[in-house]
Amino acid sequence: MSALLRQIPANIPQDIRKIRIENSHLTELPRGSFENVSALEYLWLNFNNITVMHIKSLEYLPALQELRLQGNKLSSVPWTAFQDTPTLKILDLKHNRLDVLPEHALRYLPNLTYLDLSSNQLTIISRDVFYNWPVYQRSQRTEGQLEAISNAVLALHDNPWICDCRLRGFVQFIKSVGPPIILMNSYLTCSSPKFRTGKFFHEVELNSCMKPLTSALDTNLTVPAGLNITLTCFVQASPSPAVWWTYALKLLRAFNVTTEPISEETVRSELLIPAARPADAGNYTCTAANFLGNTSVTINLRVVAPWASTTPRGWAPMAPAEPGAHVEVRIAKQTVYGITLEWFAAAAAAAEPGETWYTLLVGRYDAAQKDTIYIGPGVNTYSVTDLLPATKYEVCVAVRNQAPRKGQCVVFVTGSDVSQMEQREKLIHIVVIVCAMVLAVPAGMYACTAEALPGCLARCPRACPRRRRGGQAQAAGSKESTLDSIPAGSEDGLCRPEDVHSTRRPPAREEPGKTRPPHRNSADLY
């Protein structure tokens with residue numbers, strides 16, 4: 001007891017009839033563990049750390065009558081090992097980790113009078129496990145006869161039983177079992193599914209298993225852009241199936257999918273598509289599967305503009321402007337690959353703020369037509385990503401179907417050095433000259449609003465290069481300066497008339513006769 005044994009001792013006397021090693025450090029029963037003690041009748045190895053039992057660990061024990069392995073860590077047992085113990089009467093396996101009981105597990109235990117499988121991890125058992133047990137078969141052959149048969153006590157309680165169609169046969173066996181098989185605790189309870197948790201076996205009626213059958217109320221949907229769309233499919237199956245959604249052969253993320261049971265054999269699965277865009281159109285497939293097979297249903301989604309289908313793409317006014325409907329736009333976040341816009345509707349004459357639609361126009365600054373994106377109520381941010389290097393872009397936000405107004409657009413230019421953009425730690429310590437506002441930006445990206453003072457954009461090409469050179473000198477002098485230390489509303493470096501007291505160096509002049517390289521940097525695009 002409580003010895004530091006890590007293996008079965010090899011010098012056990014041959015005439016030993018009982019061995020008890022408990023609360024020790026045994027981790028396995030290897031082959032031939034007791035080959036020198038063939039007279040052994042009682043073997044107690046409770047409360048050790050046994051995880052592995054060799055198929056020949058009980059070899060040379062023909063007289064063994066009692067085997068107790070309570071409180072170990074066995075997740076499986078080599079049931080054919082009991083061929084070497086034909087006289088075994090007591091088998092105690094409670095408080096282990098057994099999760100499977102094979103169909104022929106009890107085939108080699110014909111003389112058992114006590115079998116304890118309680119407090120394990122058994123969830124599903126076939127009734128054939130007990131139909132193939134010689135003790136049960138013998139009781140069926142002698143039913144109604146006067147032949148005496150020894151009782152067999154069976155303990156199966158405190159297991160996490162899953163009460164679905166797969167357990168139907170076992171539940172029927174438990175309800176009908178009687179002497180000579182006696183249940184130690186006949187009140188076996190269900191652990192799942194949720195609507196059967198805590199119910200006794202004798203209270204439930206389980207149906208036969210069924211392959212999934214999927215359906216949808218509408219398999220062709222046409223919805224306006226900008227709305228939050230929920231696609232729904234229903235699945236009838238037993239046992240409960242696994243359900244997933246795919247789009248263009250890609251598995252959709254689980255946090256947009258909700259699956260819940262609505263009856264014993266029916267589940268409802270919903271896929272949420274927030275602020276649907278035309279790019280979200282296509283075929284969405286709901287697939288359900290259980291051990292009997294799988295089926296699926298496809299829903300075709302079409303996303304159209306929330307207003308007239310003839311709405312032009314571009315900058316042309318889509319409807320007369322609504323008086324008082326103005327949007328304040330700002331850049332909320334910048335990364336090396338794009339920007340995130342945030343806007344606030346100062347007033348919306350036609351609707352409450354919580355019901356206001358927005359239109360985004362995104363594209364190259366000089367493009368005749370730009371992409372139109374419709375944003376539904378309650379959304380006031382949008383990220384513009386996957387931008388091309390050395391390209392000038394413009395993004396505008398308008399209320400409903402209005403044309404963009406002054407101050408509702410953001411103009412920005414992406415850097416020309418992609419590799420430099422990807423080195424996010426190399427942030428420039430200057431602020432790009434913008435007439436209306438000053439923005440701190442990552443390396444390789446420059447931005448300003450479209451609401452600029454007259455002539456500002458004409459002077460920016462001259463100011464930006466000068467500002468960049470000044471910034472490099474400043475960074476060399478102070479390495480502790482970061483973008484976080486630059487005030488968001490700073491007017492330092494804004495475009496203004498040349499000051500005679502300015503200490504800034506004029507830009508270096510090009511050498512005569514030297515041609516300028518064809519490469520256009522980001523500032524040239526202004």
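Lys and Arg at +1, Asp and Glu at -1: add these up for the other residues within a Cβ distance under 14 Å of Arg127 and post the number.
Counting the neighbours of Arg127, the net charge comes to +1.
Hey, how much of the P(r) for the stretch 41-121 falls beyond 18 Å, as a percent of Cα pairs?
Within the stretch 41-121, distances greater than 18 Å cover 34 percent of Cα pairs.
In cubic angstrom, how much convex hull volume per residue do the alpha carbon atoms of the stretch 86-237 span?
Spread over its residues, the Cα hull of the stretch 86-237 gives 152 Å³ apiece.
Would you please give the FRET efficiency between Thr385 and Ser192, computed as 1/(1 + (r/R0)^6) with r the Cβ-Cβ distance and R0 = 35 Å, to the nearest 0.05?
With a Förster radius of 35 Å, E is 0.20.
Keeping all protein chains in the complex and leaving out DNA, RNA and ligands, what accessible area do you get for Arg168 with a 1.4 Å probe, in Å² to the nearest 10?
So the heavy atoms of Arg168 present about 90 Å² to solvent.
Where a ≥ b ≥ c are the square roots of the eigenvalues of the C-alpha gyration tensor, would you call the stretch 210-304 rounded, which needs a/c under 1.5, or, failing that, prolate if a/b is larger than b/c, or oblate?
Here the stretch 210-304 falls in the prolate category.
Round to the nearest 0.05 the FRET efficiency obtained for Lys199 and Ile12 when R0 = 41 Å and r is the Cβ-Cβ distance.
Step by step, r from the Cβ atoms, then E = 0.25.
Taking a 29 Å limit on the Cα-Cα distance, which of the listed pairs Lys175/Lys211; Lys250/Lys392; Lys199/Lys250; Lys89/Lys194; Lys94/Lys199; Lys56/Lys94 fall beyond it?
Lys250/Lys392; Lys199/Lys250; Lys89/Lys194
Which distance in Å, rounded to a whole number, links the C-alpha centroids of the stretch 220-293 and the stretch 1-75?
For the stretch 220-293 versus the stretch 1-75, the Cα centre distance is 54 Å.
The values are calculated or read from the model by the stated rules, or taken from the named source; none is laboratory data. All figures in this text were calculated on a predicted structure; none of them were measured in a lab. Backbone-built Cβ (ideal geometry, glycine too); neighbour counts: all protein chains shown. These area figures cover heavy atoms from the full protein model, side chains too; ligands, DNA and RNA do not enter into them. Shrake-Rupley method; radii C 1.70, N 1.55, O 1.52, S 1.80 Å.
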